[in-house]
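Each remark here refers to the structure printed beneath this line.
The values are calculated or read from the model by the stated rules, or taken from the named source; none is laboratory data. Note that the structure is predicted; figures quoted are calculated from it, not measured. Because the Cβ atoms are built from the backbone with ideal geometry, glycine has one as well, and the counts that use them run over all protein chains shown.
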Amino acid sequence: MAIAKKAVVWGLFAGGGTLTAFIYPALIALFLLIATGNVPAGLQYEQIHTFAASWVGKAVLFIVLFLSLWHAAHRLRVVAHDFGIRKDKLIANAVYLVATLGTLMTAFYLISIS
Amino acid sequence: MSRQPYVRPISKTTWYMRNGRYKIYMLREMTSFLVVFYTFLTIVALSTLAADSPAAWQNFISSQQGPGMVVFHALALLYFLFFQTFPWFKLAPKAMPVQIGEKKLPGSYIVIGHYVAWVFISAVIFWLAGAL
């Protein structure tokens with residue numbers, strides 16, 4: 001059981017790590033563009049709404065956000081240990097709870113967009 | 001009487017300050033906070049889209065603008081590239097070595113492949129966003 005769980009946690013960590021390494025620089029760059037006031041055409045309401053309302057858009061957004069949340073949760077658990085916090089059960093429950101909430105919020109908002 | 005075991009006096013909270021490699025490890029791990037931040041920022045963006053009103057989206061966009069945000073995102077982008085993306089590509093040949101027959105594919109091929117894929121994927125994202 002423990003081994004089976006470990007494979008799932010490791011898979012989410014590795015998948016999310018690869019995904020964030022590839023995609024998050026572009027995501028941050030888009031927020032940077034927005035911050036400078038040069039909002040790209042694809043991020044105007046009509047276009048981004050159409051993308052998020054499409055099944056492809058929903059699937060892409062869900063996979064990216066889901067994997068990123070669980071990747072970060074796993075790493076934050078280890079970071080807590082590295083900073084000398086030795087209450088792993090409590091930390092694990094906290095980070096996985098936040099990841100679960102984030103996943104549910106993502107699913108809820110994506111379903112709401114139509 | 002059992003002997004006292006020797007316990008090395010290592011701080012649980014500042015152990016990584018002893019060694020340059022450990023410091024870099026901790027700097028890399030800090031990118032997990034950036035992942036959390038940008039994931040939830042994107043979820044907030046989705047929540048304003050779910051409100052189904054152009055005004056709500058425009059409010060969100062306006063709230064994300066300003067010189068402070070420019071500096072923050074620029075620093076975050078550099079930090080993320082140098083402590084998450086590039087190290088991740090560097091370790092790829094160690095994490096998933098590719099073997100063809102008897103020979104192992106040179107690690108540099110795998111690393112270069114990652115960079116090529118990254119440029120392509122980023123270009124697709126910018127193209128989809130209408131920034132390219």
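Yes/no matrix, rows are residues, columns are (1) assigned to a helix (DSSP H, G or I); (2) of a type in the set (Gly, Ala, Ser):
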residue	(1), (2)
B:27	yes, no
B:41	yes, no
B:49	yes, no
B:52	no, no
B:55	yes, yes
B:65	no, no
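The set of residues from the stretch B:13-41 being modelled with pLDDT under 95 and polar (S, T, N, Q) comprises B:13, B:14, B:19.
If I filter the stretch A:70-98 down to residues being within 11 Å of residue B:35 (Cβ to Cβ) and free of Cβ contacts under 8 Å to residues at least 40 places away in the same chain, which single residue comes out as farthest from the other protein chains (Cβ to nearest Cβ)? Looking at residues that are within 11 Å of residue B:35 (Cβ to Cβ) and free of Cβ contacts under 8 Å to residues at least 40 places away in the same chain, I get A:73.
A Cβ distance below 6 Å, combined with a sequence gap of six or more or placement on separate chains, defines the contacts here; from the stretch B:112-129, residues that are facing chain A (nearest Cβ under 7 Å) and on the phi < 0 side of the Ramachandran plot reach residues that are surrounded by fewer than 17 Cβ atoms within 10 Å (Cβ to Cβ) and not in a helix (DSSP H, G or I) in the pairs B:126/B:132.
Scan the stretch B:83-111 residue by residue and report those that are among the small types (Gly, Ala, Ser) and touching a Gly at 6+ places or on another chain (Cβ under 9 Å). B:92 - this is the single residue of the stretch B:83-111 that is among the small types (Gly, Ala, Ser) and touching a Gly at 6+ places or on another chain (Cβ under 9 Å). Among the residues of the stretch A:38-62, the one identified as at the interface with chain B (Cβ under 7 Å from one of its Cβ atoms) and surrounded by fewer than 14 Cβ atoms within 10 Å (Cβ to Cβ) is A:41. Checked against (1) part of a helix (DSSP H, G or I); (2) touching a Pro at 6+ places or on another chain (Cβ under 8 Å); (3) not polar (S, T, N, Q), residue B:75 passes all but condition (2). All of A:33, A:65 fail the test of being at the interface with another protein chain (Cβ under 7 Å from one of its Cβ atoms), over 19 Å from the mean Cα position of the chain (by Cα) and of a type outside the set (Phe, Trp, Tyr), apart from A:33. Residues that are hydroxyl-bearing (Ser, Thr, Tyr) and in contact (Cβ under 8 Å) with a residue 40 or more places away in the chain within the stretch B:48-79 comprise just one, B:79.
For the stretch A:15-53, the set of residues classified as under 16 Å from residue A:63 (Cα atoms) and either touching a residue at least 12 places away in the same chain (Cβ under 8 Å) or in contact with a Leu (Cβ under 7 Å, 6 or more places away or on another chain) (or both) consists of A:15, A:16, A:17, A:19, A:20, A:23, A:24, A:52, A:53, listed by residue number. In the condition set (1) at the interface with chain B (Cβ under 7 Å from one of its Cβ atoms); (2) within 16 Å of residue B:34 (Cβ to Cβ); (3) touching a Gly at 6+ places or on another chain (Cβ under 8 Å), residue A:20 is compliant with all but (3). Out of everything in the stretch B:42-57 that is more than 7 Å from every other protein chain (Cβ to nearest Cβ) and not β-branched (Val, Ile, Thr), what residue ends up being nearest to the chain's Cα centre (by Cα)? Filtering the stretch B:42-57 for residues that are more than 7 Å from every other protein chain (Cβ to nearest Cβ) and not β-branched (Val, Ile, Thr), the one nearest to the chain's Cα centre (by Cα) comes out as B:45.
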